[in-house]
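One structure is given here, and the rest of the page talks about it.
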Amino acid sequence: MNLRTTILILYFLQISFTLVMKYLSYQGDNSPELQDRILKYFTNTDIQNGIEYGRRGFFASILSEILDFILTGLFVFTPLSKRLENYLATKTKDRFYLTVVLFFLVFAFAKAVLSLPFNYYFGFVLEHQFGFSKMSFLDWVIRTSKTLVLTIGIGILLGTLAVFVLKQFRKTWKIIIPVGSLLLSLLFTILFPILITPLFYDYKPIEEGSLKNKIVALCDLAKIKVENVYVINESKYSGHTNAYFTGFGDNRKIFLYDTLIQNHTEEEVVSVLGHEIGHWSHNHQLKDITLSTIETALLCFLLGYIFIKTKEENKIHLNEIHSPSTVPFLFLLLSILSSFSSPVWNSLSRFQEKEADWEALVLTKDKKSFISTEIKMAKDNKSRLNPNPWTVFFYHSHPTTLERIRMAEEF
Ligand SMILES: [Zn+2]
């Protein structure tokens, strides 16, 4: 079997797998035994809310997957990509990097146009319907435009950078790209709270008072230096709750959504932070960045190899590896390869979440607040309380609410 056929079959298998998983996720887990365990902490209405929210836009999400599948397929398995590149090259009088940028713009624009109606439906219509979003239509337009400009801008910048490396370092790009992406992700972690967060949120330092004192005491107990604790005004946009750490070393910051502070007791907020501290004290971020650098290196070698073999076979329309028209092909290979690696990443993530939960319990010794936080968060976010075990294995980055509660009970 030739490579083109193999890739095509894998591509079809991938979309079939996605659709089967969507169906399983729709079904959930209806075992009566699980139902009984859930009803110890939740009501039937909570279960129903989670089911309805989890099933929202089922057909729209399938349609979106299929359209994306077709678009990528068109770019890879027809001469479209190569023709577009040739057309742009003529228009720009063969100025290479201008052609690259324009090609990326057209590709990103096609993807954005396809996904925009779905963004509107999922991010605006359904979020309102389920009582989460408080955004006006104008708010939504502004937010979506900012996100689009930012992601397309950063995407094109990084893509052009990658093309530059592929073109200039034909032997060593497989080393330069993983190392470069390692450095970039470290830089990004530091710059994100300074440059990106302010574009989307207003935030201010937490008010003096008992909550701040409890947070400082918790950080002292965990021997963590934190530059400051900030409160983000998520309540302006939605009812979703969250808390996270950013940065390294002395510029480490804690961000709390104001929704978290409004809906939870101080002990519960402290329990959530205990979990975030757990991530930090187990060096999860550093471990993840290291592993993903190794993964990127492996992917580069694999992509380079598959590219050469496919080009030799001459059944897919391919220019050079640094040609912009090759990018959709590389994207498709990446998405096939990542359907193998993503369950591994998700299993690792669930393991790390467990470690962080455990640390929260050890630090706060307050399993009552831990459990009540889990219950409130699941209710507030309309979490699926009975997810299908296969969906959990392949897609979930966190253990289920019930697993987390059970762990605390056993503490
Ligand atoms: Zn976590």
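The values are calculated or read from the model by the stated rules, or taken from the named source; none is laboratory data. Predicted model only: the values in this text are computed from it and were never measured. Counting neighbours? That spans all protein chains shown, and the Cβs are built from the backbone with ideal geometry, glycine included. Ligands, DNA and RNA are stripped out before the accessible areas are found, and what is left, the full protein with its side chains, is counted by its heavy atoms. Shrake-Rupley method; radii C 1.70, N 1.55, O 1.52, S 1.80 Å.
Structure data summary
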read-out	value
Those strands (runs of 3 or more DSSP E) lying entirely in the range 225-289 with at least 2 residues away from the ligand (no atom under 16 Å from the Cβ) and open to solvent by 20 Å² or more (accessible area, probe 1.4 Å)	228-232
Flag if K171 is open to solvent by 50 Å² or more (accessible area, probe 1.4 Å) and in a helix (DSSP H, G or I)	no
Qualifying residue in the range 138-159 (condition: among the charged types (D, E, K, R), under 21 Å from the mean Cα position of the chain (by Cα) and either part of a helix (DSSP H, G or I) or surrounded by 14 or more Cβ atoms within 10 Å (Cβ to Cβ) (or both))	yes
One residue from I62, I66, I70 being within 30 Å of V327 (Cα to Cα) and without any contact (Cβ under 8 Å) to a residue 24 or more places away in the chain	I70
Where a residue in the range 350-361 is over 9 Å from H398 (Cβ atoms) and of a type in the set (A, V, I, L, M) and its partner, wherever it lies, is part of a helix (DSSP H, G or I) and near the ligand (Cβ under 10 Å from one of its atoms), with Cβ under 6 Å and at least six apart	A356/H275; A356/G278; A356/H279; A360/H275; A360/G278
Test result for V100, of a type in the set (A, V, I, L, M) and within 20 Å of L166 (Cα to Cα)	yes
Helices (runs of 4 or more DSSP H) completely within the range 322-411 that count 3 or more residues being within 24 Å of Q285 (Cβ to Cβ) and more than 15 Å from the ligand (Cβ to nearest atom)	327-364, 389-395
Selection within the range 368-384 - touching a Leu at 6+ places or on another chain (Cβ under 7 Å) and at pLDDT 95 or above	F370
Answer residue from the range 365-411, given it is open to solvent by 30 Å² or more (accessible area, probe 1.4 Å) and polar (S, T, N, Q) and is nearest to the chain's Cα centre (by Cα) among those	S397
Check on E33, of a type outside the set (K, R) and farther than 28 Å from H128 by Cα	yes
